[in-house]
Structure formats: C-alpha cells, structure tokens
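Input: a single structure, listed below in structure tokens.
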Amino acid sequence: MNLRNLFLDYANLPLLNNPENIRLLFSNVMPHFEGLQNKYLDTVIGDIIFFSSINDYREIVAVDKQLKSDKKALAFGHCHRIAFEAVHGYLYGFCERYCNTYVCSDFRNMAARYKRLGIRLKCHECEQLVYISRLADLAAGKSYRDMEEYVIIDQNLYEQYEIWHRQRSITPEYKVGDKDKVSSWGNFSWMIENAYDIIEPKIILNEDDHFDKILLLRFEDFHERPDSNYKYRFNDFLRKIISYSLVEFLINENRKKLKRCEKCKIFYISKTKRESKYCSDKCRLSIHNKRRIESGEHARYKKEKGYYKY
C-alpha cells in the first residue's frame, strides 16, 4: 500500500463544493481492500458524495430520521448511517456542544467566516480545512510545540467532557477552571498520535532473498467497531490514514522540504530543503510576469526594444 503522498493529496483535493474529490483521494487506497471491504468503503464514499448534495435543513433532518428508523441490520444499512454522520453529523447543535474540533480556535474562526458567507460547513469539509491549517503551519516552519493548543475548561466544556466520560464509564479527570490540551486536528500531537492505530507494518522475505515492508490496514476499525456510535466513524478512519502518511513523511524526510506554493496554494515536497516558493515554473513565471507588469518593468522593456512608442 503506497500512502506516501496521501497527506498531500488530502490537503490538495478540496472537498468543499467538490465532494467527488473524496473518491479521487481513495483511488490509491481502495485497491488494497479485499472483496466485500472494498464494497463497504465504495458504498460509504458514494453516499458521502450524495449526502453532500443535500443542503436544505428540513430535507437533511428527514433523511436523518429515515436512517435512524431503519431497523435493517444489514451491513450496507450501517454504511449509509456512517456516511450521513460523516457529512451532517453537526445536526441538533452537536457541532457547538460536543464536537472536539469546535474547541479549536482555528475552526471557530473559520466557521464564523464561512457563516458570514452563508455557508454551513459539513463535517468532512471542516475536518479537512482544519487539517490544511495545521499543514500550512508545518510548511511555514512552525515548531511542533507551537502547534499545541490549550483551552480553559468552562462549565459548557466540562458538561461535554462529563457526557463523554459517562458514556465510557470513566471517572472525569478535569474540573471547571483546569487547563486542557485541545483534542482535535487543532493540536499537532493529537493529530499524529493515532498514526499507527489501524495501519500495521509487516516485514516479509521475498523470492529474491530481500526484505519487503508491507502495510496491513485493519478495516474492522472502520466498519466493525463494537460501539454503535456512527458519529466519527468515517472521519476517524480517514484521519488515522492521513496521520500515518504524514508521520511517515516527517520521520523519513526533512520537514523543510514541505512547501506551499505562493501562487496556487497547493502543498508539495521540494527536491531540496532550500527556499522554494512555487510548485512549478508555470506558477513562478505567472507571479514574476505579474510583478513586472505592475511595476512598469514590462512596459519599459517593450519601449526599449521598440515594440511600441509613446
């Protein structure tokens, strides 16, 4: 399984208004699933693309009620629920009251900005945009520690934690006024700590008497988890695969090679760790020519060469 550049693909394939990009993203992953597993994931991806096209709130609520009332225990029925929660899991105030990502200041600012534009971010879109924000910090050279975010626990957040702990029969470890590390994409350490949860490296001896490293993906973490909570199922699954790809890059490559193009804003890996501002000659020349025109250098050059006279 080659997931080397998946962390770049995830950042460079925008899901906002382009839900079909999620199929492109998984095109390098799905061939490594077998049989029915492939069908499960393909069903979820197709449903995510479909559910993303529903923007009317009343229609979204109607679909949610229909899925919850479906008593079928069939596997593909679960896939529909997983896909719906990956897109519209914010319903009924869940986003503001319970979602860990909402605690992240990057998300709150971003959500407010889109709200002013009349756009309600869907869950999978939000996850990606917060990730892009952190990857931009990495590309800008920000230290890992500086990408840690903390929050002071107020009454609302304490109640959120209390619900989470009660669902898992765990005694709460925090009280109002404590300082806690944000558990979301907003924190770099949280972003990477699950990198090897569902992807397991395995070493085999090949026919040429050399070692090969293969990757085993534990698909059951996505579909056959014992809990009945579909809320984070797909986004957790995707997050862990992306985390694996990112961590492998950071461990095996020089992080200074991670760049973001000043022209088209895509992320890319530079061939050297020296300063690089553009992903291609096309972007570099586009910016260079624009600056020459705006500064008057281009007009002076054409005048000196006699292309036109004033």
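Observations
- For region 201-218, the set of residues classified as surrounded by 10 or more Cβ atoms within 10 Å (Cβ to Cβ) and either within 19 Å of Leu250 (Cβ to Cβ) or in contact with a helix residue (DSSP H, G or I) (Cβ under 6 Å, 6 or more places away or on another chain) (or both) consists of Pro201, Leu215, listed by residue number.
- Per the listing Cys104, Cys99, the residue uniquely in contact with a strand residue (DSSP E or B) (Cβ under 9 Å, 6 or more places away or on another chain), over 30 Å from Ile214 (Cβ atoms), at pLDDT below 85 and buried (at least 19 other Cβ atoms within 10 Å of the Cβ) is Cys104.
- Applying the criterion of at least 2 residues that are surrounded by 12 or more Cβ atoms within 10 Å (Cβ to Cβ) and either at pLDDT 75 or above or in contact with a helix residue (DSSP H, G or I) (Cβ under 6 Å, 6 or more places away or on another chain) (or both) to the helices (runs of 4 or more DSSP H) found wholly in region 220-310 leaves 220-223, 233-252, 281-295.
The values are calculated or read from the model by the stated rules, or taken from the named source; none is laboratory data. All values derive from a computational prediction rather than experimental measurement. Note that we place each Cβ from the backbone using ideal geometry, even for glycine, and neighbour counts take in every protein chain shown.
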